[in-house]
Ligand SMILES: *Cc1c(COP(=O)(O)O)cnc(C)c1O
């Protein structure tokens with residue numbers, strides 16, 4: 001008998017939402033954008049010279065970073081690009097959370113945070129949200145090893161006021177505060193302007209949701225030069241060539257189509273607001289969502305029953321059998337047509 005398993009870094013991996021093989025599914029379970037990416041993306045792929053793949057990519061992803069700088073009125077030195085925000089966030093955990101003190105984040109939030117903490121052996125402590133899924137600010141004004149806040153939060157959809165985040169960032173001057181803004185483009189407020197004022201603030205965003213590019217894998221972090229440089233040092237000690245040249249070209253192309261971005265984002269917001277009305281009418285309640293999903297519970301029927309019923313109808317939503325949220329469903333906002341199919345199915349069950 002050999003004992004090598006004793007020395008394995010054992011982790012319980014993050015479980016993403018199901019990706020069914022079957023195309024007939026109304027897929028409202030992973031917060032993907034229901035619209036295709038900008039037509040400029042298809043054009044960039046068509047125009048791409050495959051011969052360039054012979055060479056290693058630009059390790060700084062400059063074509064993308066420069067376009068991001070233009071889009072967000074920043075300097076390139078304030079931007080870090082990675083393979084989706086999951087890559088950016090995990091590198092940030094590795095780079096900044098080394099004090100030995102517990103990193104703090106809400107008990108109900110993006111379920112990758114505790115996985116990265118476990119993977120990197122970073123101690124952490126969760127802080128319970130109140131019964132309406134709001135952060136209790138005072139919980140974050142304490143001694144700790146760093147703070148991670150998704151704003152708006154997932155899977156709750158709740159947005160925290162900017163003043164509250166600023167107070168948390170300002171109190172925690174001696175450690176890094178990460179604000180994960182994966183959903184900020186769907187009508188929430190970004191803390192991005194605060195990076196000028198606070199050198200401990202790292203703002204993370206993604207192309208996966210609002211820019212309809214979950215498949216291409218682009219995420220970014222914004223911060224002062226010092227914090228971005230530390231992130232780069234770790235990245236370049238790990239894997240220099242993360243974003244491939246086709247991804248870089250696609251990302252830059254997507255950013256050039258601001259009108260399209262605004263259009264699909266506005267459509268999603270409009271569908272969300274209609275969906276909220278319909279869900280309310282059917283007896284659901286939920287915290288006000290500023291995202292592309294609604295986290296809802298029903299007054300009579302248990303969430304797992306509704307989940308199973310919808311799945312049989314080929315409508316996929318997300319359900320977690322976890323304390324405090326096991327009577328909720330996270331329903332992504334699709335197109336108006338998809339929302340209608342969902343509401344009709346729920347009407348049949350509940351009406
Ligand atoms: C979707 C999501 C991410 C990660 O998305 P990427 O596809 O890796 O960019 C990060 N944080 C939250 C809260 C998310 O919902």
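A few comments on the model shown:
- Every condition in (1) assigned by TED's automatic domain parsing to the domain that holds residue 197; (2) more than 16 Å from the ligand (Cβ to nearest atom) is met by residue 111 except one, and the failing one is (2).
- Set side by side, the residues 88, 169, 164, 158 differ, and just one is within 16 Å of the ligand (Cβ to nearest atom) and farther than 28 Å from residue 246 by Cβ, which is 158.
- A Cβ distance below 9 Å, combined with a sequence gap of six or more or placement on separate chains, defines the contacts here; from region 123-151, residues that are at pLDDT below 95 reach no residue that is not in a loop (DSSP other than H, G, I, E, B).
- Residue match in region 160-170 (condition: part of a strand (DSSP E or B) and at pLDDT 95 or above): no
- Residue that is farthest from residue 85 (Cα to Cα), among those in region 213-257 that are assigned to a helix (DSSP H, G or I) and touching a strand residue (DSSP E or B) at 6+ places or on another chain (Cβ under 6 Å): 227
- The C-beta contact set for region 47-67 (first residue farther than 26 Å from residue 223 by Cβ, second residue at pLDDT 95 or above and in a loop (DSSP other than H, G, I, E, B), distance under 8 angstrom, 6+ apart or interchain) comprises 53/244.
- Just one of the listed residues (26, 79) is surrounded by 14 or more Cβ atoms within 10 Å (Cβ to Cβ), in the same structural domain as residue 272 (by TED's automatic domain parsing) and more than 13 Å from the ligand (Cβ to nearest atom), namely 26.
- Condition check for residue 215: surrounded by fewer than 16 Cβ atoms within 10 Å (Cβ to Cβ) and within 15 Å of the ligand (Cβ to nearest atom): yes
- Take the conditions (1) surrounded by fewer than 18 Cβ atoms within 10 Å (Cβ to Cβ); (2) within 28 Å of residue 160 (Cα to Cα); (3) touching a residue at least 12 places away in the same chain (Cβ under 8 Å); residue 262 misses just one of them, which is (3).
- Count of region 136-146 residues which are surrounded by fewer than 23 Cβ atoms within 10 Å (Cβ to Cβ) and in contact with a helix residue (DSSP H, G or I) (Cβ under 8 Å, 6 or more places away or on another chain): 3
- A search for C-beta distances below 6 Å between a residue of region 86-113 that is without any contact (Cβ under 8 Å) to a residue 60 or more places away in the chain and any residue that is within 12 Å of the ligand (Cβ to nearest atom) and not in a helix (DSSP H, G or I), counting only pairs 6+ apart in sequence or on different chains, returns 105/148; 109/150; 109/153; 113/105; 113/148.
The values are calculated or read from the model by the stated rules, or taken from the named source; none is laboratory data. Note that the coordinates shown come from a computational prediction; the quantities given were computed from them, not determined experimentally. Note that each Cβ is placed from the backbone with ideal geometry, even for glycine, and that neighbours are counted across all protein chains shown.
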